[in-house]
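Reading through the structure tokens given below for one structure.
The values are calculated or read from the model by the stated rules, or taken from the named source; none is laboratory data. Quantities reported herein were computed from a predicted structural model and do not represent experimental measurements. Note that each Cβ is placed from the backbone with ideal geometry, even for glycine, and that neighbours are counted across all protein chains shown.
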Amino acid sequence: MPSPSPSYLRLAIPTPLRRLFDYLPPEGMLDQELSPGLRVKVPFGRSTVIGILHSVVQQTDVPASKLRRATEIIDAQPLLPPSILKLLLWAGEYYHHPMGEVMQNALPVLLREGRPAEVRGLSHWLLSEAGSVIDTVTLGRAKKQAALLALLQEHRELGAEQLQPLMNSWHEPMRRLQEKGWVEQQERSCLQVNIDTTNDKNLLLNPEQQHAVEQLCARLGQFHSALLEGVTGSGKTEVYLQIIEQVLARGEQALVLVPEIGLTPQLLQRFRSRFSVPIAVLHSSLSDQERLCAWLKSGEGEAAIVIGTRSAVFTPLARPGLIIIDEEHDASFKQQEGFRYSARDLGIKRARDECIPILLGSATPSLESLHNALSGRFAHLPLKQRAGAAQAPTMSLLDIRSQSMETGLSAQLIEAVRQTLEKDEQVLLFLNRRGFSPILMCHDCGWVSACKRCDANLTFYRQHNRLRCNHCGSEQRVEPACPACGSVDLRDIGHGTEKIEESLVALFPHETIVRIDRDNTRRKGSLEALLAQAQSGEARILLGTQMLAKGHHFANVTLVGILDSDQGLFSSDFRAAERMAQLIIQVAGRAGRAEKPGRVLIQTHHPDHPLLLSLIRHGYQGYAEAALAERKLAEMPPYSHLALIRAEAVDASLPFDFLQEALSCCLALNLPEVQAWGPVPAPMERRAGRYRAQLLLQSSQRAPLHKLLQQLAPQLEGLKSARKVRWSLDVDPSEMF
Ligand code: ADP
Ligand code: ZN
Ligand code: ZN
């Protein structure tokens, strides 16, 4: 009998190299059935890494002398089911990204580190009432118990994971505290189940909602993609809920992707109060253990609904039934570093693979999705009316040219705010600029507060008397005198939310003002607290950045003021106008969501700008139609396909050297259907101390572009000049810098 031919393990390994790696199986494992998706521990260079089994092959190009042996097969069962593995392999090829890094992205941190795929360590310890009044001094020489008790008195409760870094060997003293009755242990589940759903019943759908639900439900069990284009307040969420109800009735799971969970606690609340099924929520403040638990329970089918952000698109599901992408236009669905995938696009691919429907929802769909809907590739499900009794808000422009604007607020807007408050209604003011002012300037010599590491100004934060760069994060104290000429006449130029807040306090001294931006919502729970103040009506003036634009429902807001609409009008990024239009409509959508009608006032220096005019006259639809026509003429997406090669280095010439070579490679590949533009400096050339440049590839068809990238990517890896820069390949870039 001939001896069996040797098998090799072909692995995806987390390295920046675009290839798979072959290994000998661990000693004595030759005859075992090994399925793709298992984790394998292997030596790599001088370290040990975790790879994912791609396939078992009978032949390898690696010479026998170089072939190394895998150390261990970690899992008994494949960690990634075939459907996810297939999705990842496809994604790696589509985005021309190293497969090992692609796989890493799909795994919870603990699994990346090689920990067992099982739930453990979700215990929590809570301070009991008795424990909260104990003076730790009474514990005398039991130092550890005293320290633990002090920690618990500070935090009220702590999980094993939080305790680990704070103190070693804390289990025994904790047990002692439990014996004394000062501490209680609780086992947590990562799934949330709400038992009492009696207060929340399905709403009676209006005809458009009804149509959307029926259309989608008729296609459960098959691939189907639909765009739910519903104006703000049209009841998209109710449509999601009623479709999900039918998915659950079939015994299937629903995966819901949202832009940012922390920003929309209300959405979560609505899912929880409607369904009495286990819900897994994959949000950023989960501990690693909780995340692993939620991931595993989704894959086992225990979680009926899985809600998460971008990376949740890779969550395994035992019985997938539906994918929903809420606010599908949101930029956060595209990862902007490393593996630059679009969760929306991969969601569509996944739905196709799993033969289930996918529903994209938005009041302001991306031009790509709108194009797909208009051309018949997606079903188009419009909701043109606001749900219930609410009406669409009226929008108008406030011409602020040559108005006195000392406060950043025009006299007209201030008057409108006053009238609204008099009626005991709420006002929402929107300014997408943080800090006190975007510039600090010397009145005597013209010095401005520029970042030393970026081509950008430092934002002035007066409350903390600091200058901070919102691009690289560098920070410094404000010196009392101008660093250039010594003058003390330093002036803040322009307005940020901090300054507007101050103006508002002066104008409306008896009002509670809630300001919401990244700066004052960093601490856990602070956003919820601020939103609660807005919700209860305690605060009648709400001021904020785009954090305030997303999905919130404030029933009593009847006036929305957009303080500066001019930011997005003149950007070099062709998508900036689209973003601006989306933002304006989303913010405007916070007005008049209940019985009282709302109005929106938009301050601008460009009252004749076609973008603003088409927006206020014809709404987002009107704007989008005009924008699509423009894109078609300019042969920009969705009428063409792009890939962007970026490079950066401390030395300004190196990125250009690399991109010039990349360009030569492109030309040598001789694919005339693909045009190359550049290399050119990035719109913000210097950022965090590095010079950045880019080369844009464009093609009217997808296929030739990908054919080129497939050959180009490995060539780029091999270039000498590539070693001197940081470079990346961005397929379907959503930002041009
Ligand atoms: P969207 O997500 O489209 O912005 P929401 O789903 O938040 O809109 O709905 C806005 C409001 O309208 C919510 O308060 C919701 O309860 C209410 N609503 C939705 N559908 C209906 C309906 N068919 N009848 C009455 N009220 C509805
Ligand atoms: Zn000066
Ligand atoms: Zn900077």
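Things worth noting here:
- Applying the criterion of at least 1 residues that are surrounded by 13 or more Cβ atoms within 10 Å (Cβ to Cβ) and among the acidic types (Asp, Glu) to the strands (runs of 3 or more DSSP E) found wholly in segment 157-264 leaves 157-159, 183-187, 224-230.
- Residues of segment 230-265 satisfying the condition of being over 21 Å from Gly308 (Cα atoms) and either within 16 Å of ligand 2 (Cβ to nearest atom) or not basic (Lys, Arg) (or both): Gly230, Val231, Thr232, Gly233, Ser234, Ala249
- Just one residue in the set Val505, Val514 is surrounded by fewer than 21 Cβ atoms within 10 Å (Cβ to Cβ) and either assigned by TED's automatic domain parsing to the domain that holds Gly361 or away from ligand 1 (no atom under 16 Å from the Cβ) (or both); that residue is Val505.
- All conditions but one from (1) among the basic types (Lys, Arg); (2) within 13 Å of ligand 1 (Cβ to nearest atom); (3) over 26 Å from Ala624 (Cβ atoms); (4) assigned by TED's automatic domain parsing to the domain that holds Glu300 apply to Lys201; the one that does not is (4).
- Residue in segment 724-734 that is β-branched (Val, Ile, Thr), outside the structural domain of Pro16 (by TED's automatic domain parsing), over 16 Å from His96 (Cα atoms) and exposed (fewer than 14 other Cβ atoms within 10 Å of the Cβ) present: no
- Taking the criterion of being within 23 Å of the chain's Cα centre (by Cα) and not small (Gly, Ala, Ser), the residues of segment 353-370 that qualify are Pro357, Ile358, Leu359, Leu360, Thr364, Pro365, Leu367, Glu368, Leu370.
- Members of segment 650-683 found to be in a loop (DSSP other than H, G, I, E, B) and closer than 21 Å to His471 by Cβ, listed by number: Val650, Asp651, Ala652
- Contacts under 6 angstrom Cβ, first residue in segment 681-693 being under 12 Å from Ala649 (Cβ atoms) and basic (Lys, Arg), partner away from ligand 3 (no atom under 13 Å from the Cβ) and at pLDDT below 95, 6 or more apart: Arg692/Ala682
- Filter pass, Glu635 being among the acidic types (Asp, Glu), within 30 Å of Phe339 (Cβ to Cβ) and away from ligand 1 (no atom under 16 Å from the Cβ): yes
- Filter pass, Leu268 being buried (at least 24 other Cβ atoms within 10 Å of the Cβ) and either in a helix (DSSP H, G or I) or away from ligand 2 (no atom under 16 Å from the Cβ) (or both): no
- Subset tally (residues that are touching a residue at least 12 places away in the same chain (Cβ under 8 Å) and either more than 17 Å from Phe436 (Cβ to Cβ) or in a loop (DSSP other than H, G, I, E, B) (or both)) for segment 516-547: 19
- Sole residue being at pLDDT 90 or above, within 29 Å of His283 (Cα to Cα) and of a type in the set (D, E, K, R), chosen from Arg46, Arg120, Arg112: Arg112
- For Glu337, the conditions (1) closer than 30 Å to His618 by Cα; (2) surrounded by fewer than 23 Cβ atoms within 10 Å (Cβ to Cβ) all hold with the exception of (1).
- Scan of segment 620-658 for residues that are within 26 Å of the chain's Cα centre (by Cα) and within 14 Å of Thr364 (Cα to Cα), ordered by number: Tyr620, Gln621, Tyr623, Ala624, Ala627, Leu628
- Residues of segment 328-365 satisfying the condition of being outside any helix (DSSP H, G or I), closer than 22 Å to Val213 by Cα and not β-branched (Val, Ile, Thr): Glu328, His329, Cys355, Pro357, Leu359, Leu360, Gly361, Ser362, Ala363, Pro365
- Only one of the listed residues (Ala294, Ala318) is more than 16 Å from ligand 1 (Cβ to nearest atom), modelled with pLDDT of 90 or more, out of contact with any Gly (no Cβ under 7 Å at 6 or more places or on another chain) and assigned by TED's automatic domain parsing to the domain that holds Leu267. That residue is Ala294.
- With respect to being within 20 Å of Ala331 (Cα to Cα) and free of Cβ contacts under 8 Å to residues at least 24 places away in the same chain, Gln586 falls outside the description.
- Residue within segment 239-256 that is in contact (Cβ under 8 Å) with a residue 60 or more places away in the chain, within 16 Å of ligand 1 (Cβ to nearest atom), more than 29 Å from Asn105 (Cβ to Cβ) and not aromatic (Phe, Trp, Tyr) present: yes
- Any hit, segment 475-486, residues being away from ligand 1 (no atom under 16 Å from the Cβ), buried (at least 16 other Cβ atoms within 10 Å of the Cβ) and either within 20 Å of Met684 (Cβ to Cβ) or among the basic types (Lys, Arg) (or both): no
- Filter pass, Arg702 being over 11 Å from Leu642 (Cβ atoms) and away from ligand 1 (no atom under 16 Å from the Cβ): no
- Top-ranked residue in segment 399-448 [being small (Gly, Ala, Ser) and surrounded by 13 or more Cβ atoms within 10 Å (Cβ to Cβ); ranked as farthest from ligand 2 (Cβ to nearest atom)]: Ala416
- Wholly enclosed strands (runs of 3 or more DSSP E) of segment 396-515 bearing at least 3 residues more than 16 Å from ligand 3 (Cβ to nearest atom): 426-430, 490-493
- Of all residues in segment 637-660, those that are within 17 Å of His96 (Cα to Cα) and modelled with pLDDT of 95 or more have Cβ atoms under 8 Å from Cβ atoms of residues that are assigned to a loop (DSSP other than H, G, I, E, B) and of a type in the set (S, T, N, Q), 6 or more apart or on another chain, in His641/Ser700; His641/Gln701.
- When Ala591, Ala624 are screened for being outside any helix (DSSP H, G or I) and crowded, with 20+ Cβ neighbours inside 10 Å, only Ala591 passes.
- Hits in segment 381-394 - residues which are modelled with pLDDT under 90 and touching a strand residue (DSSP E or B) at 6+ places or on another chain (Cβ under 8 Å): Pro393, Thr394
- Strands (runs of 3 or more DSSP E) completely within segment 14-88 that count 2 or more residues being among the hydrophobic types (A, V, I, L, M, F, W, C) and within 23 Å of Val102 (Cβ to Cβ): 39-44, 47-57
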